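The values are calculated or read from the model by the stated rules, or taken from the named source; none is laboratory data. The model shown is predicted, which means the values in this text are computed figures rather than measured ones. Glycine also receives a Cβ, built like all others from the backbone with ideal geometry; neighbour counts cover every protein chain displayed.
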Amino acid sequence: MGKRKFRVFASPDVLNVLKTISNNDPIKLKVDQVTDEMKQDKNLGDYIKKKPWPDKYIKTHEVTNLYSREIGSHRLIYTIRGRREDKAYQLLDLLTHKEYDVLFGYGTT
């Protein structure tokens, strides 16, 4: 029996950003690599503490957990849904570091 694959799907926000990036752009290649890792259930992102979660993730996507993954000059925001045996990774946003800092209320550099 082969190793189980987990589902990964992207929100319209992520799909819209990816449409503007060429297929051989380092950001796009890294997102593809991270997606492949998620399909193998490798969660290498950083958990985002609950306090600063933006309303858009809570109201629009009804998240109960939130993670961030460094992707070059961007951050990939995602949530994990389901149970251990039926897990899915939902990509929510692909933001520049400045957009991330503004959205989460952190000081910008």
Review point. Which condition number in (1) more than 13 Å from L95 (Cα to Cα); (2) modelled with pLDDT of 95 or more is the one that N23 fails?
Key: (2)
**Study point:** Selection count where residues are of a type in the set (A, V, I, L, M), surrounded by fewer than 18 Cβ atoms within 10 Å (Cβ to Cβ) and in contact with a strand residue (DSSP E or B) (Cβ under 9 Å, 6 or more places away or on another chain), scope segment 57-101
**Key:** 1
Revision key, fill the gap. How many residues of segment 1-60 are within 17 Å of G72 (Cα to Cα) and more than 15 Å from the chain's Cα centre (by Cα)? The answer is 7
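Residue-by-condition table, conditions (1) within 21 Å of D86 (Cα to Cα); (2) among the aromatic types (F, W, Y); (3) touching a Gly at 6+ places or on another chain (Cβ under 7 Å); (4) in a loop (DSSP other than H, G, I, E, B):
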position	(1), (2), (3), (4)
L18	no, no, no, no
N23	no, no, no, yes
K28	no, no, no, no
N43	yes, no, no, yes
I58	no, no, no, no
Exercise for review: Can you work out which of the residues in segment 60-105 that are at positive phi and either among the basic types (K, R) or in a loop (DSSP other than H, G, I, E, B) (or both) is modelled with the highest pLDDT?
Suggested key: E62
**Study point:** segment 27-41, residues that are more than 17 Å from D93 (Cα to Cα) and not acidic (D, E)
**Key:** K39, Q40
Check your understanding: When only residues in segment 19-39 that are touching a residue at least 12 places away in the same chain (Cβ under 8 Å) and either in contact with a strand residue (DSSP E or B) (Cβ under 7 Å, 6 or more places away or on another chain) or loosely packed, with under 11 Cβ neighbours inside 10 Å (or both) count, which is farthest from D101 (Cα to Cα)?
Key -> K39
